[in-house]
């Protein structure tokens, strides 16, 4: 087991670039990770890392060893965990990345039933609006949209990622009712900066019959958080372009209303992302199944559609 622990610490350090990052992923101290790697190097009789105060880099022997053991060690860890799960049930830390408002509103409420069914799983959830690098950052699962499908990662679509225009009833009462996209010109826009690029993306509106049009709102306010955007729109500061799942709770409360209900932005899919390996850890598999089944039971795919009656 000392050798196995050393190999795990070595691989996570190689993936993340430092003992400190590996320690955060493994729930250890950086000193413990460094000692485990040093024991492994002593056992193998070879130096795996070049160490300096600023960086950690693989030696030629370390890179060769990493390529030899990476896939095999991951499979071995999964096999050990799944064997234990046959008697004790799925166990272990479940690291998940999910968007702030969406995670709080829709995924956290799913957690109670999940933990009652699988008490051996310990959630370690990170709320972040940016698409993460699932493998390099050591997440078991990520939820959201707009992720690059890098090698070794698969996506399972959960719902459409439509974006709609919304504003407060008070704001809409203060302006002539927009009837076409051209009527948006000169209106105050509350826009969201892309977490990937830091820029405001030029989205195209699509009509239910297929026509397309640009969005001509003035960039009056720019945020990087959908919930803050909803709040500003509800306060009457302008017209916002939001994902349906972000706007839906505010629409249901009557704080926001749809603008141009026959138009929306096609934003791909809201998906759950996970490793493409054939043998997933049971803790990961049961969570994916739980989310998929809950989406079906709560009819969230339909509710997140721009054509659902609630958001029309």
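Hey, any hits in the range 299-307 for a residue that's within 22 Å of residue 93 (Cβ to Cβ), buried (at least 16 other Cβ atoms within 10 Å of the Cβ) and outside the structural domain of residue 203 (by TED's automatic domain parsing)? Explain how you work it out, then say what you get.
Narrowing the range 299-307 to residues within 22 Å of residue 93 (Cβ to Cβ): none.
No, because not a single residue in the range 299-307 is within 22 Å of residue 93 (Cβ to Cβ), buried (at least 16 other Cβ atoms within 10 Å of the Cβ) and outside the structural domain of residue 203 (by TED's automatic domain parsing).
Just one of the numbered conditions (1) part of a helix (DSSP H, G or I); (2) modelled with pLDDT of 90 or more is not true of residue 97: (1). For the range 18-27, the tally of residues that are touching a strand residue (DSSP E or B) at 6+ places or on another chain (Cβ under 8 Å) and at pLDDT 85 or above stands at 2. Please go through the range 271-293 and give me each residue that is within 26 Å of residue 130 (Cβ to Cβ), in contact with a helix residue (DSSP H, G or I) (Cβ under 8 Å, 6 or more places away or on another chain), outside any helix (DSSP H, G or I) and at pLDDT below 95, ordered by number. Hits for the range 271-293 are 274, 275, 277, 280, 281. Number of residues in the range 125-148 that are free of Cβ contacts under 8 Å to residues at least 60 places away in the same chain and exposed (fewer than 13 other Cβ atoms within 10 Å of the Cβ): the value is 1.
Being under 28 Å from residue 260 (Cβ atoms), part of a loop (DSSP other than H, G, I, E, B) and either modelled with pLDDT of 95 or more or out of contact with any strand residue (DSSP E or B) (no Cβ under 9 Å at 6 or more places or on another chain) (or both): is that true of residue 176 here? When the stated conditions are applied, residue 176 passes them.
Quick one: in the range 169-190, which of the residues that are more than 11 Å from residue 215 (Cα to Cα) and within 30 Å of the chain's Cα centre (by Cα) is surrounded by the fewest Cβ atoms within 10 Å (Cβ to Cβ)? If you could, list the steps in order and put the result at the bottom.
So the first thing to find is which residues in the range 169-190 are more than 11 Å from residue 215 (Cα to Cα), and the list is 169-179, 188, 190.
Add one more test, that the residue is within 30 Å of the chain's Cα centre (by Cα), and what stays is 188, 190.
On the way: 188: 19, 190: 25.
Among residues in the range 169-190 that are more than 11 Å from residue 215 (Cα to Cα) and within 30 Å of the chain's Cα centre (by Cα), the one surrounded by the fewest Cβ atoms within 10 Å (Cβ to Cβ) is 188.
The set of residues in the range 179-217 being under 22 Å from residue 254 (Cβ atoms) and not in a strand (DSSP E or B) consists of 187 alone.
Looking at 236, 198, 254 in this structure, which one is on the phi > 0 side of the Ramachandran plot and touching a helix residue (DSSP H, G or I) at 6+ places or on another chain (Cβ under 6 Å)?
On the way: 198 fails: touching a helix residue (DSSP H, G or I) at 6+ places or on another chain (Cβ under 6 Å); 254 fails: touching a helix residue (DSSP H, G or I) at 6+ places or on another chain (Cβ under 6 Å).
It is 236.
Taking residues in the range 294-312 that are modelled with pLDDT under 95, and partners anywhere that are in a loop (DSSP other than H, G, I, E, B) and surrounded by 13 or more Cβ atoms within 10 Å (Cβ to Cβ), the pairs with Cβ atoms closer than 7 Å and at least 6 places apart or on different chains are 312/261. Exactly one residue among 113, 124, 133 is at pLDDT 90 or above and either more than 30 Å from the chain's Cα centre (by Cα) or outside any helix (DSSP H, G or I) (or both), and that residue is 124. Residue 107 meets the stated requirement of being farther than 29 Å from residue 13 by Cα, under 22 Å from the mean Cα position of the chain (by Cα) and either at pLDDT 85 or above or not in a helix (DSSP H, G or I) (or both).
Conditions (1) farther than 21 Å from residue 100 by Cα; (2) touching a strand residue (DSSP E or B) at 6+ places or on another chain (Cβ under 9 Å); (3) surrounded by 19 or more Cβ atoms within 10 Å (Cβ to Cβ), marked per residue:
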| position | (1), (2), (3) |
| --- | --- |
| 226 | no, yes, yes |
| 235 | no, no, no |
| 249 | no, no, no |
| 258 | yes, yes, yes |
| 270 | no, yes, yes |
| 273 | no, yes, yes |
| 277 | yes, no, no |
| 310 | yes, no, no |
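Results for (1) in contact (Cβ under 8 Å) with a residue 24 or more places away in the chain; (2) over 19 Å from residue 67 (Cβ atoms), shown as yes or no for each residue.
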{"site": "8", "(1), (2)": "yes, no"}
{"site": "12", "(1), (2)": "yes, no"}
{"site": "16", "(1), (2)": "yes, no"}
{"site": "19", "(1), (2)": "yes, yes"}
{"site": "26", "(1), (2)": "no, yes"}
{"site": "30", "(1), (2)": "no, yes"}
{"site": "36", "(1), (2)": "yes, yes"}
{"site": "44", "(1), (2)": "no, no"}
{"site": "49", "(1), (2)": "yes, no"}
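The values are calculated or read from the model by the stated rules, or taken from the named source; none is laboratory data. Worth saying up front: this structure is predicted, and the values here are computed from it rather than measured. Using ideal geometry, Cβ is built from the backbone for each residue, glycine included, and neighbour counts are taken over all protein chains shown.
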